[in-house]
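Student: For reference, the structure I am asking about is given below.
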Amino acid sequence: MFRFALVGGVNTGTFFGCYLLLHPWMPYFAAYSLAFLLSMIGSFFLNTYFTYRTRPTWKKFALFPLTNVTNYLVQSVGLYALVTWAGMDDRIAPLVAAVVAIPFTYLISQRILVPRGTGRPSGDPGPSDPPGPSGPGSETDERHPSRLA
């Protein structure tokens with residue numbers, strides 16, 4: 001959880017920095033969406049390597065946006081509500097909306113990036129754990145040719 005929070009802080013900083021850079025050049029919601037997409041790609045790699053200590057694969061990369069669909073929806077509705085209804089400054093509202101979405105994103109990303117039944121990242125067996133199933137299509141097959149890194 002600590003590593004997820006640390007990555008989340010870095011990701012939020014990346015998102016907010018991109019948002020502030022893009023905001024003068026496009027409408028706030030377009031800047032928000034593009035910044036969100038860019039930070040999501042960075043988040044995938046930080047979460048696979050650092051948070052869950054697993055290798056990125058094309059399958060995980062394809063599924064990872066699902067972790068952010070809920071995040072994006074919660075943040076988008078929150079952003080719109082904060083700016084339109086609450087009158088909050090559109091430079092600050094994305095940060096407030098992001099805080100609300102954190103628990104949802106954690107649970108969904110853990111479900112996608114960590115193999116089921118282990119509670120640990122793949123490649124991190126406990127000292128007395130027998131090796132898990134391997135081979136093409138298994139949850140622990142990190143040697144699959146669709147590997148990103």
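Just so it is clear, none of the values below were taken in a lab; they were calculated from the coordinates. The structure presented is a predicted model; accordingly, all values stated were derived computationally and were not measured. When we count neighbours, we look across all protein chains shown, and the Cβ atoms used for this are built from the backbone with ideal geometry, even at glycine.
Student: Given 0.36 nm per residue, what is the gain on full extension from VAL99 to ILE41 after removing their alpha carbon distance, in nm?
Tutor: 19.0 nm
Student: Spin-label point model (7 Å from Cα, Cβ direction): what's the ALA5 to MET26 distance in nm?
Tutor: For the pair ALA5/MET26, the computed spacing is 3.3 nm.
Student: Let me ask another. By average Cβ neighbour count within 10 Å, what is the ranking of 20-26, 76-82 from highest down?
Tutor: 76-82, 20-26
Student: So which trypsin sites (Lys or Arg not before Pro) in the stretch 1-73 end up in coil per DSSP with only 16 or fewer other C-beta atoms within 10 Å?
Tutor: ARG53
Student: Okay, moving on. Across the stretch 54-67, in residue order, what do the Karplus-derived ³J(HN,Hα) couplings come to in whole Hz, using 6.51 cos²θ - 1.76 cosθ + 1.60 with θ = phi - 60° and x for Gly and Pro?
Tutor: 10, 8, x, 10, 4, 4, 5, 4, 5, 7, 4, x, 4, 5
Student: Which percent of Cα-Cα pairs in the stretch 1-42 sits in each 10 Å bin, short to long?
Tutor: Histogramming the stretch 1-42 at 10 Å steps yields 33, 47, 17, 3 percent.
Student: Quick check: residue separation of TRP85 and LEU63 times 0.36 nm, minus the Cα distance between them. What number comes out in nm?
Tutor: Length gained between TRP85 and LEU63: 4.6 nm.
Student: Compute the distance in nm between two label points, each set 7 Å from the Cα along the Cα-to-Cβ direction, one at LEU34 and one at LEU73.
Tutor: 2.7
Student: Over 14 Å, how big is the tail of the calculated P(r) for the stretch 43-94, in percent of all Cα pairs?
Tutor: Counting every Cα pair in the stretch 43-94, those more than 14 Å apart make up 61 percent.
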